[in-house]
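The values are calculated or read from the model by the stated rules, or taken from the named source; none is laboratory data. No experiment lies behind these values; they were computed from the predicted model shown. Neighbour counts are summed over all protein chains in view; Cβ atoms, including those assigned to glycine, are modelled from backbone coordinates with ideal geometry.
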């Protein structure tokens, strides 16, 4: 297997893989692929996870560690991810006062309708966990929101 991974990356990936090996048979359900990648510090979109073989349902496919290392290597090279600074620049577009705040309802709208669209229940959960409640004028600081969102922890998907 020709991987562009350091020995340290391989060791970390095998450790993360072992955590998600719930049955103890040296496999991980492809449903958990995104969670394993995120535990390794990557931020793949759901579309990327599916491109790498991740599944939307449990029990459809199992991965062996060698297969996962190949996926991890590809995911590390994937350019279809963002980082906190990319997201901060996007939200600055909604910062009309240039004071680090945006309209709270615009933040909810962005989460629900742009990029990988989220269900309203998902938006509400993210807002509850990461956003500061709006002030009397309806504004919220988007920097705090992004910092909390990007810090995780990422809840296990059902």
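A compact table of results
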| item | result |
| --- | --- |
| Condition check for residue 39: within 16 Å of residue 8 (Cα to Cα), modelled with pLDDT under 95 and more than 14 Å from the chain's Cα centre (by Cα) | no |
| Failed condition for residue 103, given (1) assigned by TED's automatic domain parsing to the domain that holds residue 124; (2) in contact (Cβ under 8 Å) with a residue 40 or more places away in the chain | (2) |
| Residue within segment 43-61 that is in contact (Cβ under 8 Å) with a residue 24 or more places away in the chain, part of a helix (DSSP H, G or I) and closer than 21 Å to residue 24 by Cα present | no |
